[in-house]
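Peer 1: Sending over a structure as C-alpha cells; questions will come in a sec.
The values are calculated or read from the model by the stated rules, or taken from the named source; none is laboratory data. What you are looking at is a predicted structure, and each value in this text was computed from that prediction instead of being measured. Cβ placement follows ideal geometry from the backbone for every residue including glycine, while neighbour counts extend to all protein chains displayed. Accessible surface is based on the protein model in full, side chains and every heavy atom, while ligands, DNA and RNA are left aside. Shrake-Rupley method; radii C 1.70, N 1.55, O 1.52, S 1.80 Å.
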Amino acid sequence: MLEAEIIAHCAPTLAGIKTANMFTYTPMNRNKLSMEIEEENRKLNCRGVFVEVLRTSEHKALVYVYRKKKLEQDLQCEGACALLKDCGYECQETDCCIRQLQERFFEKDGFPHEVGLFLGYPLDDVTGFIEQKGKNYKCCGIWKVYGNEKQTQMLFRKLKKCSEIYRRLFADGRSILQLTVAV
C-alpha cells in the first residue's frame with residue numbers, strides 16, 4: 001500500500017524532476033510501518049531516492065520521499081543556508097538537517113515553514129511565504145508563489161502531467177523501480 005501512495009504523491013521525485021515530495025500515510029498496521037519504509041528504501045536507494053518518516057501520530061505518518069544528491073545541492077545554496085540558520089538549524093549536512101526538520105515537526109503542531117526548502121521549492125517562494133505569512137502571493141498551485149509566476153505555473157503543469165502518467169503506468173503494471181529514474 002505504501003508503494004501505491006508513493007507513486008500517487010511522489011511521481012515528480014521518482015522521475016527526477018523534483019527534489020522531494022511528502023504525504024500523509026495511514027498504514028494498515030502501524031507496527032509494520034518501519035518495515036514498509038525499509039522495503040521501499042531497499043528498492044529505491046540504488047536510484048538515489050530515499051524514504052523517511054518526518055512525523056507520526058496515533059494513526060498516521062508524514063512520509064518524505066527525496067533525492068539525496070539534489071537535496072544536498074538545494075540546502076547548500078547560500079540563501080538556503082542562511083534561512084536554515086535563522087530557523088535554528090545547527091548543521092549543514094543533509095542527514096543532520098533532516099533530523100532537525102523531524103524535531104521541528106514534533107515541536108510544532110503545524111508545518112515548519114522552511115520545509116519548502118526540503119521539497120525543492122524556489123527560495124523566493126519559501127522566503128516570501130515566511131515574510132508575507134502566507135498572504136499576498138502571486139498565484140497558488142502546489143505551493144504559494146511569490147517569485148516567478150509564469151515559470152512556476154509551467155512547472156506546476158509539468159508536475160501534474162508527470163503524476164498522471166505515473167499513476168496510469170503503475171496501474172498498468174509498471175513497478176516502482178521501473179518508474180524511478182536513476183539520476
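Peer 1: Could you grab me the full set of residues in the stretch 80-95 that are open to solvent by less than 90 Å² (accessible area, probe 1.4 Å) and not in a helix (DSSP H, G or I)?
Peer 2: Matches in the stretch 80-95: Cys87, Gly88, Tyr89, Cys91.
Peer 1: Could I ask something else about it? Residue by residue through the stretch 96-147, note down the ones that are open to solvent by 90 Å² or more (accessible area, probe 1.4 Å), modelled with pLDDT of 95 or more and either assigned to a helix (DSSP H, G or I) or within 19 Å of Lys158 (Cβ to Cβ) (or both).
Peer 2: Arg99, Asp124, Glu131, Lys138, listed by residue number.
Peer 1: Between a first residue in the stretch 39-51 that is at positive phi and in contact (Cβ under 8 Å) with a residue 12 or more places away in the chain and a second residue that is surrounded by fewer than 16 Cβ atoms within 10 Å (Cβ to Cβ) and small (Gly, Ala, Ser), which pairs have beta carbons less than 8 Å apart while being 6 or more apart in sequence or on different chains?
Peer 2: Correct list of pairs: Gly48/Ala182.
Peer 1: Please find, among Ile6, Ile17, the residue that is closer than 27 Å to Gln73 by Cβ and crowded, with 19+ Cβ neighbours inside 10 Å.
Peer 2: So the residue among Ile6, Ile17 that is closer than 27 Å to Gln73 by Cβ and crowded, with 19+ Cβ neighbours inside 10 Å is Ile6.
Peer 1: Among the aliphatic types (A, V, I, L, M), in a loop (DSSP other than H, G, I, E, B) and either open to solvent by less than 10 Å² (accessible area, probe 1.4 Å) or touching a residue at least 12 places away in the same chain (Cβ under 8 Å) (or both): which single residue out of Met28, Met22 fits that description?
Peer 2: Met28
Peer 1: Quick one: in the stretch 42-79, which of the residues that are charged (D, E, K, R) and assigned to a strand (DSSP E or B) is most open to solvent (accessible area, probe 1.4 Å)?
Peer 2: Only one residue tops the list, namely Arg55.
Peer 1: Separate question: Residues of the stretch 152-182 being part of a helix (DSSP H, G or I), touching a helix residue (DSSP H, G or I) at 6+ places or on another chain (Cβ under 6 Å) and β-branched (Val, Ile, Thr), which ones?
Peer 2: Selection gives Ile176 alone.
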